[in-house]
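Taking it in order: structure first as structure tokens, then the write-up.
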Amino acid sequence: MQARGPLMIEHRLIERMLVKIQVTLAQVEQTQKIDPLFVDKAVDFIRTYADRTHHGKEEDILFRELNQKELSDVDRKAMDELIEEHIFGRSTTKALVEANTLYRNGDATALGDIARCLRTLVEFYPKHIEKEDKIFFPASRAYFSEAEDQAMLAEFLDFDQRMIHEKYKSVMLSV
Ligand SMILES: [Fe+2]
Ligand SMILES: [Fe+2]
């Protein structure tokens with residue numbers, strides 16, 4: 001498998017979560033309410049899986065290695081945009097958590113903010129994934145030898161192996 005393999009497999013799971021969020025958004029429009037526990041689960045998925053585990057591999061390994069290469073202006077700009085989008089995703093998720101806290105505490109008007117944040121995520125994230133899958137990952141691959149690509153793949157798997165421990169250490173510390 002190429003190094004981008006695990007990243008693309010993760011994209012597929014993220015897409016399935018986005019479909020669930022879309023379904024929930026349609027229900028919110030009809031019922032004018034949301035289950036705060038659904039939002040908790042979506043936030044945990046986004047933060048632990050999409051951001052820490054997935055963006056973590058992109059930023060801490062792939063982008064770090066690309067920074068050692070002489071990137072074309074187009075590829076450099078694309079990488080900067082992807083990083084900006086990761087930051088945007090984090091700030092949207094933070095706003096979602098804040099709105100969900102208000103909503104859970106009885107502020108029904110926070111539903112609008114929750115829905116806006118969820119809609120933002122389902123609208124921007126598929127474009128981000130498509131840019132990586134179809135343009136950026138294939139372009140990135142050209143900068144690496146087979147050995148370098150396989151070394152990244154090994155580092156990705158090592159990174160993943162640490163995630164479950166990091167996640168449950170944070171759960172333990174939070175209680
Ligand atoms: Fe990304
Ligand atoms: Fe990605």
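Here are some notes:
- Within the same chain, aspartates and glutamates fewer than 8 places from Lys131 are excluded, and of the rest, those with a Cα less than 12 Å from its Cα are Asp75, Glu81, Glu85.
- Tilt relative to the chain, helix 146-174 - C-alpha long axis, 0 to 90 degrees, to 10: 30
- Summed over all non-identical Cα pairs, the Kirkwood treatment of the chain gives a radius of 17.5 Å.
- Average accessible surface for the chain: 57 Å² per residue, computed with a 1.4 Å probe over protein heavy atoms with every protein chain in place.
- Top of Asp73, Asp133, Asp44 by mean-square fluctuation, Gaussian network on the chain, Cα under 10 Å: Asp73
- Degrees separating the helix 73-104 axis from the principal Cα axis of the chain, which is the longest one: 20
- Tail weight of P(r) past 17 Å, computed on alpha-carbon pairs of the stretch 59-161, percent: 62
The values are calculated or read from the model by the stated rules, or taken from the named source; none is laboratory data. Keep in mind that this is a model prediction, so the values were computed, not measured. Accessible surface areas use protein heavy atoms only, side chains included; no ligands, DNA or RNA. Shrake-Rupley method; radii C 1.70, N 1.55, O 1.52, S 1.80 Å.
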